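Here is the structure we will look at.
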Amino acid sequence: MSDLLRQLELRRKREGLNDWQFARRMGMNRKTWTNARLGLSKPGAVFLGAVARTFPEYNDLVLQELREFRGPQCHPRKVKDGV
């Protein structure tokens, strides 16, 4: 589990929220949150954006996740003829 996910899980527990309530607070569905928390899926850019908007105090951890993120969104598009 990443540092970000560990901190989010600690916060969820500290605030006494269930997975559905915590996911809703971040603007995502419960399955997205629980899959990331359980390691069934790696947090993507949309997930990380939701965390950054909801909990700006975790932005350093979000940036760390983004640096480690390897997905199709990270590959620059080839620009042809300046378009």
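The values are calculated or read from the model by the stated rules, or taken from the named source; none is laboratory data. These numbers were taken from a predicted model, which means no experiment stands behind them. FYI the Cβ positions are ideal-geometry reconstructions off the backbone, even for glycines, and counts take in every protein chain you see.
For first residues located in the range 19-35 and over 17 Å from Leu48 (Cβ atoms), partners that are modelled with pLDDT of 95 or more and acidic (Asp, Glu) and lie 6+ apart or on another chain with Cβ distances below 8 Å form the pairs Arg30/Asp19.
Name the single residue, out of those in the range 47-56 being in contact with a helix residue (DSSP H, G or I) (Cβ under 7 Å, 6 or more places away or on another chain) and closer than 18 Å to Leu17 by Cα, that is surrounded by the fewest Cβ atoms within 10 Å (Cβ to Cβ). Restricting to residues being in contact with a helix residue (DSSP H, G or I) (Cβ under 7 Å, 6 or more places away or on another chain) and closer than 18 Å to Leu17 by Cα, the top hit is Thr54.
Here is a yes/no grid of residues against (1) modelled with pLDDT under 95; (2) of a type in the set (Gly, Ala, Ser); (3) more than 16 Å from Phe69 (Cα to Cα); (4) in contact with a strand residue (DSSP E or B) (Cβ under 8 Å, 6 or more places away or on another chain):
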| position | (1), (2), (3), (4) |
| --- | --- |
| Leu8 | no, no, yes, no |
| Arg14 | no, no, yes, no |
| Asp19 | no, no, yes, no |
| Gly27 | no, yes, yes, no |
| Gly44 | yes, yes, no, no |
| Val51 | no, no, no, no |
| Thr54 | no, no, yes, no |
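Taking the range 56-73 as the range and being of a type in the set (S, T, N, Q) and at pLDDT below 95 as the test, the residues that pass are Gln64, Gln73.
Could you list all residues from the range 36-46 that are without any contact (Cβ under 8 Å) to a residue 40 or more places away in the chain and surrounded by 18 or more Cβ atoms within 10 Å (Cβ to Cβ)? Across the range 36-46, the qualifying residues are Ala36, Arg37.
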